[in-house]
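First up is the structure itself, then whatever we jot down about it.
The values are calculated or read from the model by the stated rules, or taken from the named source; none is laboratory data. Just so you know, these numbers come straight off a predicted model, no measurement behind them. Here the Cβ is made from the backbone with ideal geometry for all residues, glycine too, and neighbour counts use every protein chain on show.
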Ligand SMILES: Cc1cc2nc3c(=O)[nH]c(=O)nc-3n(C[C@H](O)[C@H](O)[C@H](O)COP(=O)(O)OP(=O)(O)OC[C@H]3O[C@@H](n4cnc5c(N)ncnc54)[C@H](O)[C@@H]3O)c2cc1C
């Protein structure tokens, strides 16, 4: 079990900026996100959309914004854990009335901390499961996946990809040289992805490197302990056909879910967490909520509001770690730690 000053749940823009503000005060963080990349909504939902309301930055695409935040926190100590959800938080002790928490992820990484920052946006992004298949997750790790964690997994395998958006098209192109065979299943012969990638995908079909199966939908997964194939139903004729496969990659997009947060006895206002705006603490001592996930009168779901909230909350986190001490205040130009890490002579 690793001890850290702040565990940040969610590596969206607000979670990322928390590392910066914590770093200025010499606090270390671990950032945990369910997605396979940092950046939250910006990276997942609208990477190419421009953002015009970041102070001092007239124009940035959302992905450029995320990249800049990652660059900005480079001088500071933090760990980034992706592809895992924070499932459980529990108090391990309350010495001098200050709670120490234990935080456990879905990959069974466990942290001890005095400060949990919930920067969970609209909830964790969870892959949509294939419709009409009972418990597809029984094959997780033995033939079913919802994201590409490692391309090597598909080396020499008979792979079937499901979906009609950018991810499905991108991975067909990317994995066509890695998998032994690759098929793409979609319920119609039209795709929502970038026209350029669709063109590349159709070229692979022409040269026989990809089998395009439309209009088909999944009917069942075959196999006992591991996947051995699927049956697909023709969307028009209802005819069912069997196909051999040992890897199935379902890319049906993402749902947003509050998920385990609902079990943590936190005061909610609808799907948001109530906070005290003097510190952005929740009703639980040592648990803060910053960014889109929180609720208070006048709240706006904007990145810059989340930056303000987490800046204030980090001050309180410092006080909890150093009870009775004044929180050091200074502009970044006079922050010796930052200057030293950036190699600047102040
Ligand atoms: C189309 C669109 C356009 C927008 N344009 C703008 C704009 O121009 N300007 C602007 O200021 N704002 C804009 N926004 C809003 C902005 O994206 C949000 O305010 C911002 O993303 C909130 O950041 P966040 O870090 O609080 O949460 P998010 O970006 O939502 O990130 C939260 C992260 O937490 C993760 N998470 C949640 N629960 C868990 C858990 N239990 N375990 C692990 N991980 C978890 C999620 O997977 C997610 O990655 C836009 C939003 C959308 C949808």
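The criterion of at least 1 residues that are within 30 Å of the chain's Cα centre (by Cα) and closer than 16 Å to residue 144 by Cβ is met, among strands (runs of 3 or more DSSP E) falling completely within region 213-261, by 216-222, 229-234, 247-250.
Close Cβ contacts (under 6 Å, 6 or more residues apart or on different chains) running from residues in region 77-89 that are crowded, with 19+ Cβ neighbours inside 10 Å to residues that are at pLDDT below 95 and in a strand (DSSP E or B) comprise 85/124. Among the conditions (1) closer than 21 Å to residue 126 by Cα; (2) touching a helix residue (DSSP H, G or I) at 6+ places or on another chain (Cβ under 8 Å); (3) surrounded by fewer than 18 Cβ atoms within 10 Å (Cβ to Cβ), residue 178 misses just one, which is (1). Across region 313-326, not a single residue is classified as in the same structural domain as residue 100 (by TED's automatic domain parsing), touching a helix residue (DSSP H, G or I) at 6+ places or on another chain (Cβ under 6 Å) and at pLDDT below 95. Looking across region 29-47, the residues that are touching a helix residue (DSSP H, G or I) at 6+ places or on another chain (Cβ under 7 Å) and either near the ligand (Cβ under 6 Å from one of its atoms) or assigned to a loop (DSSP other than H, G, I, E, B) (or both) come down to 35, 37, 38, 39, 40, 42, 46, 47. Filtering region 147-163 to residues that are touching a strand residue (DSSP E or B) at 6+ places or on another chain (Cβ under 6 Å) and assigned to a loop (DSSP other than H, G, I, E, B) leaves only 157. Among the residues of region 49-65, the ones that are in a helix (DSSP H, G or I) and either free of Cβ contacts under 8 Å to residues at least 60 places away in the same chain or exposed (fewer than 15 other Cβ atoms within 10 Å of the Cβ) (or both) come to 3 in all.
How many residues, within region 62-80, are near the ligand (Cβ under 10 Å from one of its atoms) and at pLDDT below 95? Matching residues across region 62-80 total 1.
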